[in-house]
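**Student:** Handing you this structure, nothing more for now.
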Amino acid sequence: MWFKVWLQLCACAYLIVVGSCQSCNDTGRPSYMVYGSVNWKCENIKTFPTSKANVNSITCLNCNIPVLDENSIPINFKGAIFNISSSHVKKIKENAFKLFTNNTHKFIFDNNEIDYIAKKVFSKFSQLDEVNLRSNKISKLEPKVFEGTNVTILDLSQNHLTNIASILNGLRVSTLNLSSNGIKEIESSTLDGAVFWVGRQWSTNRQMLDLSNNFLSKISPNTFQFSSDSNTLRILHLQKNMLSVIENDTFSKLNLLWHLSLEGNYISQMHKGCFNGLSSLRILNLANNLLTEIPFGIFGNIRSLEQLDLSRNSLTTLLPSTFSGLSSLTKLNISHNNFQIIEDSHLLPLGKLTSLDISDTKLHDFNLQKIMEHHFGLHTLVINDNFWICSKLVQMYKLINRKRMTFSYPSRHFDVPNLHGVACSRQELDSYDNLSFENFLSIISQDPIIEDIFDYQLRQNESDVNVNNSVAQDVSRISVMLIIVTVISVILFIFCIVKQVLAYLRYGNIVKSDKFSFLYAQNQDKVELLP
């Protein structure tokens, strides 16, 4: 008998504990939005409990709500943010938010298991700032699932989408994140029904489409065309896909685009007209691809470009016409290529260049003096990880110091002959053909590191500095003397002018008894009384 009583007590205790854990409690925080509303902190629930009061905010811990519908959310939610991330949600049904008001601006569903979203479930909210569906199990969505949805940020990244055809029809969005999915193809009409708009309380330059980290192998011409004239797409991310060829007119409809990233693909060929229509482009990133050459005139249609990144490709030659048309370019990164030679004529079209990165380009000679004569605005230069000769490196360093440029040297090779961490050889090598930078370090490491390796050059610099200081002091003294002589001359000139004017006024009887005449008369009397 006592055993049965003990089991009943245990069962009651279990029910009490479970009942207390599976509940939503008011946190007691003040509710500024709605008088008499509550702020819930829910834990281990499967459905939200009913509430006569309006719910202003919800924090869900270790919840398990597989289906969001009118039965699992029987509450009047008045808050701005509905956040049930990491709550094992699998489905969002049509009437899930029918008791919500237009005050809701954000829906946060990240780190769930969502694989189904009903049509137009977010269409009743006209002031949405964000719908976050990151890190779910969405592999397929019904057509027009976002029809009538107006939202600033829609995040569908880190899901399992392979085809986005027709799911974006009727969507108005500012930032659309589709990165880290399994998208292999974008049909020419996929984006026709979507509108990239300014959004609520957002700047005009944040309209972004992120398709990075997918499996796109080809983009057909005019893929990014929109049926609506109100589209204002500014940023397009296509990095880390499987693109190999960029055809003519691929981006011809994106005349407002100012940032295009194609980094980390397998691009080996670009047609001459592939950048047609990009009249507003400011930033172009082509880093980490397989480019071996730049087609003639390819940059002629993007004259407004300000930043160009061609680093980590397989480029071997530059021509005077390579950068033709880029008269507005200020920042150029051509590092980690295999040029061996970069001449001033190659950079002549870049009249506004301020930053140049030529690190790891197999260079051993570089006429910086001539380049600086044609590029007065150049102030940042990156030259590390090349095959420099120490004496020439010193000369470049002197030029950079003289112009007060930024001598950027991110590498630190202090275990070999170097200048401030930039490795160099004491003498010119017999051959630089097929030489890697690692081999270069191995060769110069055989020379002992002597701290006064640049003593001769530094003493020469010091003598130059002393001579310059002496000349500067002489010039300074002469300048002071000239200033003093000029001041005295001006004072004497003014005195003579004033004296002549007073004499003219006195002898012309224009001024008879003024102060100046009285003083003059007194002076005359004193002169006459003198013996």
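The values are calculated or read from the model by the stated rules, or taken from the named source; none is laboratory data. Worth saying up front: this structure is predicted, and the values here are computed from it rather than measured. So basically every Cβ, Gly included, is an ideal-geometry build from the backbone, and we count neighbours across all protein chains shown.
**Student:** How many residues does segment 364-379 hold that are among the aromatic types (F, W, Y) and loosely packed, with under 13 Cβ neighbours inside 10 Å?
**Tutor:** Final tally of qualifying residues: 1.
**Student:** Give the number of residues within segment 117-137 that are part of a loop (DSSP other than H, G, I, E, B), at pLDDT 90 or above and under 19 Å from N231 (Cα atoms).
**Tutor:** 0
**Student:** Taking only segment 67-89 into account, find how many residues are charged (D, E, K, R) and in contact (Cβ under 8 Å) with a residue 40 or more places away in the chain. Walk me through it before giving the result.
**Tutor:** Start the filter on segment 67-89 by keeping residues that are charged (D, E, K, R), which leaves 69-70, 78.
Next, from what is left, pick out any that are in contact (Cβ under 8 Å) with a residue 40 or more places away in the chain: 78.
Residues in segment 67-89 being charged (D, E, K, R) and in contact (Cβ under 8 Å) with a residue 40 or more places away in the chain: 1 in total.
**Student:** Here's a follow-up. Check L284 against each of (1) under 23 Å from the mean Cα position of the chain (by Cα); (2) in a loop (DSSP other than H, G, I, E, B) and name the one condition it does not meet.
**Tutor:** (2)
**Student:** Looking at segment 211-225, is at least one residue buried (at least 18 other Cβ atoms within 10 Å of the Cβ), at pLDDT 95 or above and not in a loop (DSSP other than H, G, I, E, B)?
**Tutor:** No, there is no match, as no residue in segment 211-225 is buried (at least 18 other Cβ atoms within 10 Å of the Cβ), at pLDDT 95 or above and not in a loop (DSSP other than H, G, I, E, B).
**Student:** Residues in segment 138-177 that are more than 17 Å from G193 (Cβ to Cβ) and either part of a strand (DSSP E or B) or touching a His at 6+ places or on another chain (Cβ under 6 Å) (or both): how many?
**Tutor:** Residues in segment 138-177 being more than 17 Å from G193 (Cβ to Cβ) and either part of a strand (DSSP E or B) or touching a His at 6+ places or on another chain (Cβ under 6 Å) (or both): 6 in total.
**Student:** When you go through I117, I167, I153 one by one, which is the residue that is under 25 Å from I283 (Cα atoms) and outside the structural domain of N83 (by TED's automatic domain parsing)? Spell out the reasoning first.
**Tutor:** Details: I117 fails: under 25 Å from I283 (Cα atoms); I167 fails: under 25 Å from I283 (Cα atoms).
Exactly one of I117, I167, I153 is under 25 Å from I283 (Cα atoms) and outside the structural domain of N83 (by TED's automatic domain parsing), namely I153.
**Student:** Okay, next question. List the strands (runs of 3 or more DSSP E) inside segment 1-92, counting only whole elements, that have at least 1 residues being modelled with pLDDT of 85 or more and either touching a Phe, Trp or Tyr at 6+ places or on another chain (Cβ under 8 Å) or of a type in the set (D, E, K, R) (or both).
**Tutor:** The strands (runs of 3 or more DSSP E) meeting that bar are 81-83.
**Student:** L399 - would you say it is modelled with pLDDT under 90 and surrounded by fewer than 17 Cβ atoms within 10 Å (Cβ to Cβ)? Even if it seems obvious, please write down each step before you answer.
**Tutor:** Numbers: modelled with pLDDT under 90: yes; surrounded by fewer than 17 Cβ atoms within 10 Å (Cβ to Cβ): yes.
Taking the combined requirement at face value, the residue satisfies it.
Yes/no per residue for (1) out of contact with any strand residue (DSSP E or B) (no Cβ under 7 Å at 6 or more places or on another chain); (2) farther than 22 Å from S408 by Cβ:
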{"site": "S324", "(1), (2)": "yes, yes"}
{"site": "N333", "(1), (2)": "no, no"}
{"site": "I342", "(1), (2)": "yes, no"}
{"site": "L348", "(1), (2)": "yes, yes"}
{"site": "D357", "(1), (2)": "no, no"}
{"site": "T361", "(1), (2)": "yes, no"}
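**Student:** On the basis of being over 17 Å from P66 (Cα atoms), within 32 Å of the chain's Cα centre (by Cα), buried (at least 17 other Cβ atoms within 10 Å of the Cβ) and of a type in the set (A, V, I, L, M, F, W, C), does V131 make the cut?
**Tutor:** Taking the combined requirement at face value, the residue satisfies it.
**Student:** Is it true that L257 is buried (at least 18 other Cβ atoms within 10 Å of the Cβ) and modelled with pLDDT of 95 or more?
**Tutor:** no
**Student:** Here's another thing I want to ask about it. Mind checking whether some residue in segment 403-413 is within 25 Å of N338 (Cβ to Cβ) and surrounded by fewer than 13 Cβ atoms within 10 Å (Cβ to Cβ)?
**Tutor:** For segment 403-413, residues within 25 Å of N338 (Cβ to Cβ) and surrounded by fewer than 13 Cβ atoms within 10 Å (Cβ to Cβ): present.
**Student:** Identify all residues within segment 390-420 that are within 23 Å of M372 (Cα to Cα) and in a loop (DSSP other than H, G, I, E, B); write none if there are none.
**Tutor:** R404, M405, Y409, P410, H420
**Student:** If you don't mind, another one. Among the residues that make up segment 94-111, is at least one of them within 31 Å of the chain's Cα centre (by Cα), aliphatic (A, V, I, L, M) and in a loop (DSSP other than H, G, I, E, B)?
**Tutor:** Checked segment 94-111: no residue is within 31 Å of the chain's Cα centre (by Cα), aliphatic (A, V, I, L, M) and in a loop (DSSP other than H, G, I, E, B).
**Student:** Mind counting the residues in segment 423-476 that are among the β-branched types (V, I, T), surrounded by 11 or more Cβ atoms within 10 Å (Cβ to Cβ) and either part of a strand (DSSP E or B) or modelled with pLDDT of 70 or more (or both)?
**Tutor:** So the answer is 2.
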